[in-house]
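The values are calculated or read from the model by the stated rules, or taken from the named source; none is laboratory data. Given the structure is predicted, the values throughout are model-derived calculations rather than measurements. Cβ sites come from the backbone with ideal geometry, for glycine too, and all protein chains shown count toward neighbours. We work out accessible area using only protein heavy atoms, side chains counted, and drop any ligands, DNA or RNA first. Shrake-Rupley method; radii C 1.70, N 1.55, O 1.52, S 1.80 Å.
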Amino acid sequence: MADVLKVIGLMSGTSLDGIDAAILDTDGETVAAPGPALTLPYHAETRAVLRSALEAALQTPPEGPVPAGIAKAERLLTDAHDAAVSALLAKAALKPSDIALLGFHGHTVLHRPAERRTWQIGDGEMLARATGIPVVNEFRTADVAAGGQGAPFVPLYHLVLTHKMERPLAVVNIGGVANLTYVGAGGEPIAFDTGPGNAAIDDWALAHTGAPVDRDGKLAAKGRVNETVLAAMLRHPMFLQPPPKSLDRFDFPMTAVAGLSGPDGAATLTAFTAAAIARANEHLPRPPKRWIICGGGRHNPMLMRELRARLTGEVITAEDAGWRGDFLEAEAFGYLAVRSVRGLPLSLPSTTGVPHPMPGGRLHSPQAP
């Protein structure tokens with residue numbers, strides 16, 4: 001039996017809200033016991049620099065030099081992760097030497113698996129030296145290079161969390177993009193991105209209210225769903241594409257709702273996220289008996305209402321399942337860091353379409369070479 005390691009998982013999601021950091025005791029296979037966790041919100045400057053990096057990445061050719069704006073974003077991001085690790089260690093009354101690994105996802109600025117490109121900024125070597133803890137990053141690179149979608153990357157952790165639950169079930173993570181893990185009676189997961197998550201709703205809220213999110217769905221609650229616009233958005237060819245499949249946060253821009261009022265646009269985009277998740281049923285062997293909703297989207301009561309109206313089966317939150325919904329992805333990348341150093345697969349043909357179970361990740365030592 002493999003040793004259980006104490007690790008920290010770090011996640012900076014596409015929603016641009018901040019860094020989630022979580023301690024996990026795990027062997028990278030069957031054991032995953034969560035410990036202390038925290039969220040470090042981004043400063044407004046960091047959020048603005050990251051948003052600019054997203055736009056710059058779209059214009060950066062594969063072999064071109066890294067633009068100065070993206071390099072600046074990477075330094076700010078890495079410094080922010082160093083601060084998150086320090087804060088979490090202080091909260092847990094632990095020393096860097098108590099932690100075996102950091103699972104450092106970084107921040108995705110471009111995801112184009114059809115072009116065999118995925119780009120997560122974040123300097124693993126810099127973070128290892130700053131914290132004094134070995135760092136694993138570049139989790140998705142090998143998968144995409146081998147022809148996989150490079151996402152979703154949390155399903156193997158979902159398997160550990162759900163191994164005693166009644167099946168079939170679905171775990172839905174609603175971050176900037178929404179993704180699903182389906183676990184049937186056979187146990188091997190099916191996973192894919194279902195469509196938009198919070199990103200378009202957040203961008204719409206920022207444009208119409210100045211707030212970076214539609215807090216508690218208040219803007220959407222004031223509006224009405226435009227069914228004509230919603231139907232048009234649901235004709236996107238992505239929904240007919242069989243899994244595995246993955247998306248970039250910019251694959252569903254706000255142009256379709258551009259003519260709507262602020263409240264009506266928010267209501268329609270919220271309904272679109274829920275309807276896209278419901279359409280995932282078209283690609284599942286059997287309807288899930290239970291849908292477990294994770295990620296920031298579960299905090300939006302309007303989105304949860306739309307999901308309960310559109311999904312068959314029980315719809316519950318991560319907390320209802322006994323999980324920490326704000327930290328599942330951070331925990332997952334701690335779990336995957338251990339799998340990485342032990343040479344275990346991080347992704348499967350049924351989760352990303354990679355040709356065979358794929359190990360990956362890159363290990364950085366705190367010591368200078």
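For Lys95, which lysines qualify as cross-link partners when the Cα separation must be under 23 Å and same-chain residues fewer than eight apart are set aside?
Lys6
Kindly provide the pair-distance distribution of segment 1-151 built from C-alpha pairs, with 5 Å bins from 0 and whole-percent values in order of increasing distance.
P(r) for segment 1-151, in whole percents per bin: 2, 9, 18, 20, 19, 15, 9, 5, 2, 0.
Please list 244-251, 92-99, 32-39 highest first by mean number of surrounding beta-carbon atoms within 10 Å per residue.
Values: 244-251: 22.0, 92-99: 13.5, 32-39: 17.1.
In decreasing order of mean packing, 244-251, 92-99, 32-39 become 244-251, 32-39, 92-99.
No solvent, one uniform scatterer per C-alpha: report log10 I(q)/I(0) for segment 116-228 via the Debye equation at q = 0.10 1/Å, two decimals.
Each listed q corresponds, in turn, to -0.49.
Using the charge dipole of the chain (Lys, Arg: +1 at Cβ; Asp, Glu: -1 at Cβ; taken about the Cα centre), state which of Thr352, Thr131, Ala37 has its Cα farthest towards the positive end.
Looking along the dipole axis, the top candidate is Thr352.
In square angstrom, what is the accessible area per residue of segment 33-174 with a 1.4 angstrom probe?
Values: 5800 Å² over 142 residues.
Ligands and nucleic acids excluded, the figure is 41 Å² per residue.
For a quick protection proxy, order the peptides 146-155, 338-347, 172-181 by their average other-Cβ count within 10 Å, most packed first.
172-181, 146-155, 338-347
Quick one: length gained pulling Ala211 to Ala68 fully straight, 0.36 nm per residue minus the C-alpha distance?
48.7 nm
Give the label of the value calculated from the structure for mean projected area of the Cα convex hull in nm², choosing from (i) 16.5; (ii) 18.3; (iii) 17.5.
The value computed from this structure is option (iii).
Dipole of segment 1-142, Cα-centred, from +1 at each Lys and Arg C-beta and -1 at each Asp and Glu C-beta, to the nearest 20 debye?
Working: 12 positive and 17 negative charges, 58 e Å.
Its charge dipole is roughly 280 debye.
Between segment 301-369 and segment 101-175, what's the alpha-carbon centroid distance in Å?
7 Å
Figure the gain on full extension for Arg116 and Thr30 (residue separation times 0.36 nm, minus the Cα-Cα span) and round it to one decimal in nm.
In short, 27.8 nm is gained.
Leaving ligands, DNA and RNA out of it, work out the accessible area of Thr141 with a 1.4 Å probe and give it in Å² to the nearest 10.
Taking all protein chains as shown, Thr141 has close to 60 Å².
How far, in nm, would the chain grow between Met254 and Leu94 when pulled straight, counting 0.36 nm per residue and subtracting the alpha carbon separation?
Details: separation 160, 0.36 × 160 = 57.60 nm, distance 4.45 nm.
Length gained, Met254 through Leu94: 53.1 nm.
Under 15 Å from the Cβ of Pro36, count the other residues' Cβ atoms, weight Lys and Arg +1, Asp and Glu -1, and hand me the total.
Details: positive: Lys6, Lys91, Lys95, Arg324; negative: Asp20, Asp25, Asp98, Asp326, Glu331.
Within the 15 Å Cβ shell, the charges total -1.
Let me know the charge dipole size of the chain about its Cα centre in debye, to the nearest 20, where only the beta-carbon of Lys, Arg (+1) and Asp, Glu (-1) is charged.
520 debye
What are the extents of the Cα atoms of segment 262-369 along their three principal axes, in Å, largest first?
56, 33, 29 Å, listed from the longest principal axis down.
Dividing the convex hull volume of the alpha carbon atoms of segment 1-59 by its residue count, what do you get in Å³ per residue?
Residue-normalised Cα hull volume stands at 101 Å³.
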